[in-house]
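Visitor: Quick one: structure below, then a few questions.
Just so you know, all these numbers are worked out from the coordinates, no wet-lab data involved. Computed from a predicted structure; not experimentally measured. Backbone-built Cβ (ideal geometry, glycine too); neighbour counts: all protein chains shown.
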Amino acid sequence: MKKDNARRRGDGQVIRHFCDAFAFLVDHPEKSSPRNRTPLWISTAGRPMKTVIRILILFLLMPLTSDAASEALKPNIVVFLADDMGWGDSATYGHKLIKTPNLDRLASQGVKFTQCYSACAVCSPSRSSILTGRTPYRNGVYRHLSGNHEAHLRASEITYPKLLRSSGYETCHVGKWHLNSKPQFNTREFPQPGDHGYDYWMATHNNAAPSHRNPNNFVRNGKPVGELNGFSAPLVADEAVRWLNELRDDSRPFALSIWFHEPHSPIATDPKFSDLYDGHENSRYMGNITQLDHALGMVMKALDEEGVSDNTLLIFTSDNGPVAKFGGTAGGLRGGKRSEHEGGIRVPGVVRWPGHIRPGTVSDVPVIGTDIFATVLDVAGLPLPKDRTIDGVSMLPAFEGKAVRRRIPLFWRTHVSPPADRVALRMGDWKLVGDETLTTFQLYEIQKDWKEERDLASLMPEKTEEMKRRLFEVWNDIESEGPDHWWKNERQKPAGGGKVNY
């Protein structure tokens, strides 16, 4: 089976390489003859005959191998998601001690975004937006789903794995899921990863338990796996590599989601990684990031060995900002996880797509996790759904440092954020932060004041009012479309001694 799949997949690669080689000879006829004589099949006009020859070759080969060629040209999709990894938690983003050689290498081969955002300042909502392209309150996963709650990623939501699968992709998810509440996970009554488009999945509801070392709560395609020996990120990477090497159909393009648990608490770090920082008070956390980076490298190596790296769009990001008390750093940004200030929502964002992204590109174009949905569909040649609002946009222009066009501004609302920064809106260089009652606002020129040190709301009342009007327009639209009965009946107490619990 593996050999047959490789042969079929190879047909498309052979065709592509043959046409490339033939086109090279047409462009450089002197290379085809040791005496630099122009071959008889090249006209003196050159270019017209070159075009004709290309068309003839493709026409002759098309009836026999069109399916293989078509499949070979579709890019594979791999999305890595870290858990609670801060903007400053890597050498790639300026940390002077933490070693992240694989993320560094990925950035050198693609584009590093300096203004990449998660869709929310906590986990479950961010994940839902990556899959649906819709802001959390619109798609319904407005809160983290750790306990007993009716919210979940509804079957009515359209995910990119589901759309890719319907167009011929093979799909796989490994790692954390967190898009059901605990009683809903791995039950028939509520949609599971397979219902949202994954052919194959091995996942935990939330954290690996009872620890990120030797976890026993993974479920593979609906069946409990039992205890696994090792640490979470390498275990997740192992499963991804096994699927790539042994289980997938080589004749089809694939979409692979790898959602790590690291560096979320409870932090469990293999001593071989924490020992790299022996003597440092934060060695366990720093080693945990390096452990995650090692797992990233495992999958990158497998992609290379499978010969698919050059035709794979690979995205690495995080679900929200860091938790300082566990050792995370936002790299000088204000706030952390749960905050609508930059430290809670600005995260690492690195993308590689050989032949389409110039290696070593650095882009300050603002992008968000919600954009992954539209980006994946764009590169796969699929249209966006027209029966619902899609908040994200394709990041393809941003891969070249060009601005993206947004009909809907970047918007955040986190149900457990501090009362003073419950919502935020970004338009261009400007960011508005509002309190839980939507009556008190802060204004920042975020492109320049990325640490949010100078509130300009009182100094620029007209700009503040303009931003407020747009924020209310966006929020009212979201409320009209999302399942607001879920958050308006929220039972959790308001965060931080506040008045509003959503």
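Visitor: Provide Rg over Rh for the stretch 133-191; use the alpha carbon set for both Rg and the Kirkwood Rh (inverse mean inverse pair distance).
Guide: 0.98
Visitor: What order do you get for 406, 454 when you list them from fewest to most C-beta neighbours inside 10 Å?
Guide: Fewest-to-most Cβ neighbours within 10 Å comes out as 454, 406.
Visitor: Related question: Distance from the Cα centre of the stretch 345-421 to that of the stretch 188-228, in angstrom?
Guide: 28
Visitor: Whose amide H sits under 5 Å from the amide H of residue 430, counting only residues 5 or more places off or on another chain, with H placed in the peptide plane?
Guide: For residue 430, whose amide H was placed from the backbone, the distant partners under 5 Å are 446.
Visitor: Less than 13 Å Cβ to Cβ from residue 141, Lys/Arg counted +1 and Asp/Glu -1: what total charge do the surrounding residues give?
Guide: Local net charge: +3.
Visitor: Also, I was wondering about something else. Note down the nm distance, to one decimal, between modelled labels 7 Å out along Cα→Cβ at residue 438 and at residue 459.
Guide: 2.8
Visitor: Separate question: To the nearest 0.05, what FRET efficiency results for residue 406 and residue 246 with a Förster distance of 30 Å applied to their C-beta separation?
Guide: 0.10
Visitor: Using Cβ counts within 10 Å as a stand-in for footprinting exposure, how do 450, 201, 87 rank, fewest first?
Guide: 450, 201, 87
Visitor: Loop only by DSSP, 10 or fewer other Cβ within 10 Å of the Cβ. Give me the trypsin sites (Lys or Arg not before Pro) in the stretch 419-453 that pass, ordered by residue number.
Guide: Answer by residue number: 448.
Visitor: How long are the semi-axes of the equivalent ellipsoid of the chain, taking √(5λ) for every eigenvalue λ of the Cα gyration tensor, in whole Å from largest down?
Guide: They are 41, 27, 23 Å, listed largest first.
Visitor: Still on this structure: Suppose only helical runs count, i.e. DSSP H with n ≥ 4. What mean residue ellipticity at 222 nm does that imply for the chain under -39500 (n - 2.57) per run, divided by all residues and rounded to the nearest 500 deg cm²/dmol?
Guide: Theoretical 222 nm ellipticity from helices: -10000 deg cm²/dmol.
Visitor: As a test of the definition: which semi-axes, in Å, follow for the stretch 317-375 when you take the square root of five times each eigenvalue of its alpha carbon gyration tensor? Largest first, please.
Guide: In descending order the semi-axes read 25, 13, 10 Å.
Visitor: Follow-up question, since we're still on this one. Can you give the Rg/Rh ratio of the stretch 410-497, where Rg is from the C-alpha atoms and Rh is the Kirkwood radius?
Guide: Here Rg/Rh amounts to 0.99.
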